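Remarks on the structure that follows.
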Amino acid sequence: MSESTAGAGNAVRRGRPGHDQQSVLRVAIDLFNRQGYDATSIGDLARELGLTKSAIYHHVPSKEHLLASAVDEALDALTSALDAVVATKGLDAEQRLRAAVRVSVSVLVCHLPAVTLLLRVHGNTPVEKAALARRRGIDERLADMVREAVDESVLRDDLDPLVISRLLFGMVNSLVEWVRPGVDENALADALAALAFDGLTHGTRSGQAGSDSGRGTPR
């Protein structure tokens, strides 16, 4: 394929003035998140944009195409971020896992609406089933990173690595419930990584804390 042909293929499809495929997609993702994908129609999207249904089809071929574009945005961003972590030389298992947690937070913040939608798909359509299959592949990559950290004695070995992975990245995914656009992604990633790897205490064992707190207490 020539360079000019590739450029033409990647060009943004344009329809009616004032809107392009990306602007339609942004509004569609917002509607899908607010109303649910199944409950949102092309008619709803047209009303939200102030267009007719036929005008919508100048921009996108179908509602399914919008869903696929949205979940692929989130999945592609996370896949690329994890690829970059794996490709970084000189990282041990702990550093690699910490980096994976940090980039997961960054992707979530930078692509918050798309990630939110991805986490809400249930596999009711072929597009959703494909997205869930890709999510499982990413989950397996993350679980492998946890296993490597366990094997290097970075993480405790009395817990199932898959359980650790699900709890760890489940905490990342839960951010969609309260994070809002404009949050400092680096500060958020620092806080989550510190909590996950270092805990909430200052290194004092819970048993010691309990016994110390009782010292000097009148009976």
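The values are calculated or read from the model by the stated rules, or taken from the named source; none is laboratory data. All values reported here derive from a predicted model rather than from experimental measurement. Backbone-built Cβ (ideal geometry, glycine too); neighbour counts: all protein chains shown.
The residues of the range 145-161 that are surrounded by fewer than 15 Cβ atoms within 10 Å (Cβ to Cβ) and either of a type in the set (Val, Ile, Thr) or on the phi < 0 side of the Ramachandran plot (or both), listed by number, are ASP151, GLU152, ARG156, ASP157, ASP158, LEU159, ASP160.
For the range 171-187, the set of residues classified as assigned to a helix (DSSP H, G or I) and either acidic (Asp, Glu) or within 14 Å of the chain's Cα centre (by Cα) (or both) consists of MET171, VAL172, ASN173, SER174, LEU175, VAL176, GLU177, GLU185, listed by residue number.
Okay, residues lined up against (1) within 15 Å of VAL172 (Cβ to Cβ); (2) surrounded by fewer than 20 Cβ atoms within 10 Å (Cβ to Cβ):
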{"residue": "TYR57", "(1), (2)": "no, yes"}
{"residue": "ALA81", "(1), (2)": "yes, yes"}
{"residue": "ALA100", "(1), (2)": "yes, no"}
{"residue": "CYS110", "(1), (2)": "yes, yes"}
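When VAL176, VAL163, VAL127, VAL121 are screened for being among the β-branched types (Val, Ile, Thr), without any contact (Cβ under 8 Å) to a residue 12 or more places away in the chain and in the same structural domain as GLU94 (by TED's automatic domain parsing), only VAL163 passes. Anything in the range 193-219 that is under 19 Å from VAL154 (Cα atoms), outside any loop (DSSP other than H, G, I, E, B) and either at pLDDT below 70 or in contact with a helix residue (DSSP H, G or I) (Cβ under 6 Å, 6 or more places away or on another chain) (or both)? List them, or say none. Passing the criteria: ALA193, ALA196.
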